[in-house]
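The values are calculated or read from the model by the stated rules, or taken from the named source; none is laboratory data. This is a predicted model, so every value here is computed, not measured. Backbone-built Cβ (ideal geometry, glycine too); neighbour counts: all protein chains shown.
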């Protein structure tokens, strides 16, 4: 079950499995040999990366963390069995969803025209210096910013021609300066030598930090491992909602908080909202901000998946929330990580694949040699699963010794 050497779950020795890496973060060695069983093997997708093994490792780790909490509640543990094929398939559940028709038959829900178009232009394009750049066009306001930088139409040919007039490094910086999203295609080695890659190489897959003291909050009897745990899910598209959905699957009470004017992608809302309740709050207005803070004061977990610093600028940063609710678990989900020169930049699945070497390697080994995206959103779903794992580790630690905790995961660290 060893992970692909170029892209591991964290900076750890290459002779341990992905699951073992994640168990190191747990800080305990009491998982019995027969507790976890993973069946099957890669490849599941047509890619050189061991996607199924990595996803299965993350899901198995969440199972162990749920077992830890269940043991704290009941004194007993359960067996964990995973089919690697099923784990890998979770990355594409949005594509497998079927709709029941009026006659009772089920059919696959087709991809919307808007999503098909976004995919057609959010691709690697060759720049004037013969390097490649991936501009990202999801969500209308972000797409408009990229188009303004490129000064082109939203068609594959126009985007290709526009990128071809730029130097790759200059275009990457111009997109970032416009608060838009995109990334230069790098090799895995180039990423590891880049300042951002070097920063992440020194960090674990999940950063869990105790940020303040509070009294322990032991688990009480409940029907599910996370029964009674209240989660505020301020995320969208896609890793954050997966984190909230995973916590809901283990019994947490998850409230998705969004606003009527925030754009979404309907297929991902459909895929990631099971088990959650939802509400609209406009936190740019005083009443909406007041209501969110009141919710946070009674929450156990607060998940922030917006552009780095955006919610903090509204008074909902980790320190403010820990002061309001001692013992809170604050989760940050970003593209580039908790620090480094790219930390303030927003990004997406495709951007993470572009900058970390996934796109380059996938094209070299499974395509015609030009950069090629892995179609399954491997970074998004992995990051969501790792966030949920980190939350459960922090909840278990809070139960034992108290404290408020920060959990940080990123798409590029999951790559």
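Data for the structure
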| read-out | value |
| --- | --- |
| Qualifying residue in region 52-67 (condition: modelled with pLDDT of 90 or more and assigned to a loop (DSSP other than H, G, I, E, B)) | no |
| Number of the condition not met by residue 315 [criteria: (1) at pLDDT below 95; (2) on the phi > 0 side of the Ramachandran plot] | (1) |
| Test: residue in region 342-360 that is within 20 Å of the chain's Cα centre (by Cα) and under 16 Å from residue 232 (Cβ atoms) | no |
| Any hit, region 45-64, residues being on the phi > 0 side of the Ramachandran plot and touching a helix residue (DSSP H, G or I) at 6+ places or on another chain (Cβ under 9 Å) | no |
| Of all residues making up region 58-82, the number that are in contact with a strand residue (DSSP E or B) (Cβ under 8 Å, 6 or more places away or on another chain) and within 30 Å of residue 373 (Cα to Cα) | 4 |
| Helices (runs of 4 or more DSSP H) (entirely within region 316-415) containing at least 3 residues that are surrounded by 24 or more Cβ atoms within 10 Å (Cβ to Cβ) | 349-356, 358-366, 378-401, 411-414 |
| Residue list for region 293-315, filter: closer than 20 Å to residue 339 by Cβ and part of a loop (DSSP other than H, G, I, E, B) | 305, 306, 307, 308, 309, 310, 311 |
| Wholly enclosed strands (runs of 3 or more DSSP E) of region 229-292 bearing at least 3 residues touching a helix residue (DSSP H, G or I) at 6+ places or on another chain (Cβ under 7 Å) | 230-234, 253-258 |
| Some residue of region 83-96 being modelled with pLDDT under 95, surrounded by fewer than 12 Cβ atoms within 10 Å (Cβ to Cβ) and in contact with a strand residue (DSSP E or B) (Cβ under 6 Å, 6 or more places away or on another chain) | no |
| Residue within region 281-302 that is modelled with pLDDT of 95 or more and under 19 Å from the mean Cα position of the chain (by Cα) present | yes |
| Count of residues meeting criterion [under 30 Å from residue 27 (Cβ atoms), surrounded by 23 or more Cβ atoms within 10 Å (Cβ to Cβ) and touching a strand residue (DSSP E or B) at 6+ places or on another chain (Cβ under 6 Å)] in region 162-213 | 1 |
| Test: residue in region 215-232 that is out of contact with any strand residue (DSSP E or B) (no Cβ under 8 Å at 6 or more places or on another chain), crowded, with 18+ Cβ neighbours inside 10 Å, in contact (Cβ under 8 Å) with a residue 12 or more places away in the chain and within 29 Å of residue 414 (Cα to Cα) | yes |
